[in-house]
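Novice: Please find one structure pasted underneath; my questions will follow.
Bear in mind these aren't lab numbers, they're just calculated from the coordinates by the rules spelled out. Computed from a predicted structure; not experimentally measured. All Cβ positions, glycine included, derive from the backbone under ideal geometry; neighbour counts span all protein chains shown.
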Amino acid sequence: MTRLLVAAGNYDITQTVKTALSGTYYELISAFSHRDALFMFRTQTPDAVLVDAAMFDRNTGERTLAVLSRELHPVALIGYTSTPAVLHSAQNAVDHSRVMFIDQLDRAPLMKALSEALRIPLPTIEGLDDERDQDTAPKSLSIWRDDEIQMLFTLSRSLLEVLDLSEVLHRVVQAARHIADAEEAVLFMPQGDSGQLTIQAEVGAADGGSVSRGRQTDPSASHVYQTGESILIAAGFPGKYKQTANTNALLYVPVSVKDRRIAVLGVINRQKKTIFNRRHQDLLEQLAADAGIAIENARVHGMNLQRTNDLSALVNASQQINSSLSLETAMINICDQVNLLLNCGRVDVFHWNSSQDLPVVWARSQRAVWRVGYAPELSLKSHPGLAAGLRNKVQLISAFRPENPEEKEYLQSLGAASLVTISVVFDGQPLGLVLAYYVKAQETPPSLDVIHRAQAIGVELLSQQLHSGDAYHRAEFRAADEVNQLLKSDWVEFALLGQDRRSLLRLISSGTATWLEETYSDSALNTFGGSLQALREHKFIRASANGDTSTLGAQAMLDAVNGRSMLGVPMTLQGETIGFILIVDTERTRAFNERETQLAMGVAAQAATAIKNAELIRQLKVSYQELQTAQERLVGAARLSAMGELAGAVAHQVNNPLTTIVLDAELLLLKTTFDEKSREALEAILRSGKRAAAVVRRLLTTVHKERTSSVQRVNVVETIEETLFLIRAHVQREGIEVRSEVEVHGIPLMIAVREDLNDLWLNLLLNAHDALRGRKRGAMGVVVHDRHADDHVEVVVWDNGIGIPPENLDLIFEPFFTTKPAGEGTGLGLHICRQILDRLGGSVRVESRVGTGSRFIVRLPLVKE
Amino acid sequence: MAHIFAVDDENEVLQTVGRVLEHEQYEMTLINSSIKALQLLEKQKPDLLILDIIMPEMDGVTLCRRLRRDPRFITLPILFLTAKGNVDDIVTGLDAGADDYVVKPFELPELRARISALLRRGNREKNGKASLEIGDLRLDSETFQACAADETVQLTMTEHKLLRYLMEHPDQALSPGHLLQAVWEYPQGTGDPDLVRAHIRNLRAKLEKKSRRRYIRTIHGVGYMISTP
């Protein structure tokens, strides 16, 4: 057998050679790096070496091929490269007579090159073996057994190929136990911010090899870590380090990278009587040197991997957050993504208006679980509504009903308008409550089958809590989601009746709510000015139940949100803090580390942009709607203006002939004596003429007129009196009573075009008059009150006429809507009223009952005196 | 017997008005264009001019404005007929110096009342005190001239009657409704406040243009008043 060492960083090359030479008399060994190649070369004494011509020493930059060609122990050397440029420079770097070059790895050329290379006479050097022992091999190697060396090399190389940190640590302790032939092997590494040494990997421990991470170090390991000196302890061995109990022998060596200690590697014999010696120490130190590099590699790789993962998670989160332009969806996405990234129980998005000191809550997403000892308690004594909930199957509590003053404050502090409580009963005993919260007020409790399902889920969750302690999983949140869906609630809580039966423990809270239309500011935040100020100044705040906190206020805030740990990150846009995201873990005491804080800040930055975008879109929609309304009005106005011109032209054309018809008929009736039938006919002509005249007149008064008059301070009562004055005689002539009541203090002045007000009253009064047509004991009138509290005057124009059917109430202000016979009404009167009120900044509402009458209630803004 | 000129391009309406006037036993001249009206007015001054607003060649407003610029016709009572019923038209007509208006189609009693009120107004002014004086405002009812801050202006018949009424009731705020009854002789509860407003505006323009003093005060929510100094 001829031993061939294949040295190539590229695994494909090794594989190709292996395939090409399979079934031949070549025995293949491989190396994957410059250093590896030198080791293999020096320890495995290959007959020939095939080297990737591109491989080089990372420290010196020298080609592996060149280094090997200078080795004292000469072998057949073949350089391989498929790249001409590499070939050229490699050829220049070596002695041509010693090295063959090939550019392909097929079986035939490879075999040919090998046989040729092996035929090259090798220089013979005197005293080869001695020199090798003295100069090239590390001294400690001289006392190693072959199998130990083999083990070490294999291990060193295998370690470098592994990039998963925990796998590296595992292999290191495995190897340590193996080479020291020990019972146990252990690896300590500093952990967390404190840098405390804890066990990170362990093998052969008494508990059957399971790794009990996080266990505290012993003083020996700390000493090794601090001084960098190995410790070797054996039973009866004199030394300053005391033997720990059950330890027969112990060996700890430091693990360093570039003179920086990163870990302590140790082997321990507890039962076994064998003790460790200097040779074991040498072996372990050698292993530690390789392990250091491997651990550092894996750690850097791990960090890169995590950074990549974080980055992709962040990209993913930002895509999610920005996927919707609706503010509400954006809010929910922000909460969900933060929850997903940081695996916490509750996420709140707060918003600061520039005018407000206290931020308002925009959204809250909860997937919170409290351990029994830490669950927020609700005293039944101070919550009689909830106590009643335990007795009743279901009840609806509203924050705005007077019968629940105690719960009102509670609900308001949570931003809920309504709460449905459903009692959970198990074996005839009250177990607790399902609490379903609603941001928008609810009118009716849920249906019975829904309640039953919610009760069943409640029993499942709360009894599980009773029996199995705090084993919570996703199933619980799924169940909670189901309850939310069933009850159409924003979030739901499962509260357990305490052992003392005096309080409720809120164990699970799940759901997402947004407050975009409502203003919900958590009054509990009021007292944490310091923390809010920090957030305002673009700083993050942190707190956890073990007292690790950024500000004192943050600690109090943590208590207020019933959390175990908390992180608040500001949302900043163009240098301005528009709000912040509060991240709360209700279950675990954890210090949100640098990485998690950075992630949260990253999401917050995305969230700020998303919020801004959503707001812009919302504004855009509003302006679009305004534009559309304006356009509709413009079209309407154009139609009305055309209508006005038409009406003017028609009036002129029609009124002249009508003048003749009416006047001449009247004259005839005055002058001549007729028989009864002729008189009736003439009277019919006169009546029809007058009716046609009235229609035309009505048309003229209702079409919009171009006003040249100016805006001025107008006495509202005066305009009403003027208009009443105009119509009173006309209306009274028909036997209709006209009343007016004015109860005002001083002169109610408003800024308006006087004629607008006159038109307004005229149209409303004519409308009232029309409603009285043909009614006996018809009455109509105007009532004026001033409301100095809000600087408005209220004018009620009423009639006891036919009334407006409910289905028409929405239509009466639409242009051309009329219930009068065709030709009698233009359908424009009330429409004009609304247009005038729009101009004046006033409003009108209608109260009407068919057969009883109508009240048009007009509100007009007055000039503040 | 009063002589009335009626001007309207619509022959049918003109004839109807003629029949009304005939029935009321007035003397009348029916004229179907403004130009003809101007020619006839050169020859004969009627007691009342009934004028349609919308007419080809020259509309009623233009004719009225032209007549008011002529000292001979400044006191001629002018009654507008309008078919449009548009407030703007009416106000323009009143600003041009017309004394009153009726909107077509009008009923017989309405036209009758307007005509007789205007004719009465012209007659009655000749009785009573010839001149009134309040502060530096003086009214001569013989000439229908007012003198404000030594500036003499010629008033129309209605302007004269309105100012006279205000001067006869100094320091009293008179509402448009009251003035419509007193000056225009509308029955209570009828008439257009715009009529009063337009005449007050015209009066002020004449009295207060040069003197830059406010003789006729507006009392908010009540009406108009002339105060003694």
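Novice: Cut-off is 10 Å between beta-carbons; in what order do A:Thr45, A:Thr719, A:Thr421 appear when sorted fewest neighbours first?
Specialist: Final ranking by Cβ density, sparse to dense: A:Thr45, A:Thr719, A:Thr421.
Novice: Calculate for chain A the 222 nm mean residue ellipticity that helices alone would give, adding -39,500 (n - 2.57) per DSSP H run of length 4 or more and normalising by residue count, nearest 500 deg cm²/dmol.
Specialist: Counting only the DSSP helices, I get -14500 deg cm²/dmol.
Novice: Still on this structure, please answer the following. Could you work out the relative contact order of the range A:2-137, using alpha carbon pairs under 8 angstrom and six or more residues apart, expressed as a whole percent?
Specialist: RCO, the range A:2-137: 23 percent.
Novice: Right, another one. Using a 10 Å cut-off around each Cβ, can you sort A:Asp791, A:Asp770, A:Asp357 from fewest to most neighbouring Cβ atoms?
Specialist: A:Asp357, A:Asp791, A:Asp770
Novice: Rank these for me by crowding, A:Asp664, A:Asp164, going from fewest to most other beta carbons within 10 Å.
Specialist: Least to most surrounded, the residues fall as A:Asp164, A:Asp664.
Novice: I'd like the trypsin sites (Lys or Arg not before Pro) in the range A:55-105 restricted to DSSP loop residues with at most 15 other Cβ atoms within 10 Å, sorted by number.
Specialist: Qualifying residues, ordered by number: A:Arg58, A:Arg70.
Novice: Also: Considering the alpha-carbon set of the range A:360-520 alone, what are its Rg and its Dmax in angstrom?
Specialist: For the range A:360-520, the Cα-based Rg and Dmax read 14.5, 44 Å.
Novice: When the helices in chain B are scored as -39500 (n - 2.57) per DSSP H run of 4 or longer and the sum is shared across all residues, what 222 nm value do you end up with, to the nearest 500 deg cm²/dmol?
Specialist: Helices in chain B give a 222 nm mean residue ellipticity of -13500 deg cm²/dmol.
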